[in-house]
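Asks: If you scroll down you'll find the structure; I have some questions about it.
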Amino acid sequence: ESLPGYHVTALLYLPKKADGAVPGVLSPCGHSDVGKANGTYQTLHINLAKRGCAVLTYDPVGQAERSQFWDSDKNKSRFNLVCGEHAVLGNPLYLLGTGLAKYMIWDGMRGIDLLAALPEVNAKRIGCVGNSGGGTLTAYIAALDPRVHAAVPSCYITTLPRRMGNRIDQDPDADPEQDVFDFVGAGIDHAGLLALRVPRPTLIGTAVRDFFPVEG
């Protein structure tokens, strides 16, 4: 529970053999209707475990096991579990002067609490890695939580004008956690998130054909 009664479904990957406490990696999942069960994400997490890391990965709210609009009669969500639930959850929060990102970031920080408390994990060696929506959350969490010593936000970092333009042109699904309340008004861009990482090591993963324009 990242908040009382607010459950976060997660998986913990551990190396088969370890000589003492190992580095811990928090890995928020990107946009996938099956969340942490997505084959690509499983490959990443298994490979990290094989390389000696403990990996905690979890479903973002509105995806996979954390559907908030599940129809038990139809055995599916009332909205799609890729971005659809995020829009229904997040858009009303703007009216309260807050946003979905707040809750998603809090999930990640409480996940680091759990990782750091495990006897198998070296709490002084915590990393964070994610792709797409997971890259978004990695950028947020790694900027705001000083315990993240190494970060790899993948397929997220661009510039807000490029991303906002692409949302209108390429992908009309709303994803409110990507539009943090008052970001634009305060003059904050993706580069500002990276600046908060200095001097901690940060690797940016980008793709040529992606929703987040590489031109940014």
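The values are calculated or read from the model by the stated rules, or taken from the named source; none is laboratory data. Source: prediction; values computed, not measured. Glycine also receives a Cβ, built like all others from the backbone with ideal geometry; neighbour counts cover every protein chain displayed. Ligands, DNA and RNA are excluded from the accessible area calculation, which covers all protein heavy atoms including side chains. Shrake-Rupley method; radii C 1.70, N 1.55, O 1.52, S 1.80 Å.
Asks: Which condition breaks for residue 196 when tested against (1) open to solvent by less than 30 Å² (accessible area, probe 1.4 Å); (2) modelled with pLDDT of 95 or more?
Replies: That leaves (1) as the condition not met.
Asks: Of all the residues that make up segment 15-54, how many are part of a loop (DSSP other than H, G, I, E, B), open to solvent by less than 70 Å² (accessible area, probe 1.4 Å) and over 20 Å from residue 133 (Cα atoms)?
Replies: Final tally of qualifying residues: 6.
Asks: Provide a single number: the residues in segment 55-65 that are crowded, with 24+ Cβ neighbours inside 10 Å and in a helix (DSSP H, G or I).
Replies: Residues in segment 55-65 being crowded, with 24+ Cβ neighbours inside 10 Å and in a helix (DSSP H, G or I): 0 in total.
Asks: If you take the residues in segment 165-193 that are among the β-branched types (Val, Ile, Thr) and closer than 22 Å to residue 108 by Cα, which one is least open to solvent (accessible area, probe 1.4 Å)?
Replies: Out of the qualifying residues, it is 180.
Asks: Of the residues in segment 118-164, how many are part of a strand (DSSP E or B), open to solvent by 40 Å² or more (accessible area, probe 1.4 Å) and either of a type in the set (A, V, I, L, M, F, W, C) or modelled with pLDDT under 95 (or both)?
Replies: Matching residues across segment 118-164 total 3.
Asks: Spot the failing condition for residue 11; the list is (1) open to solvent by 20 Å² or more (accessible area, probe 1.4 Å); (2) touching a helix residue (DSSP H, G or I) at 6+ places or on another chain (Cβ under 7 Å); (3) assigned to a loop (DSSP other than H, G, I, E, B); (4) among the hydrophobic types (A, V, I, L, M, F, W, C), and only one is missed.
Replies: (3)
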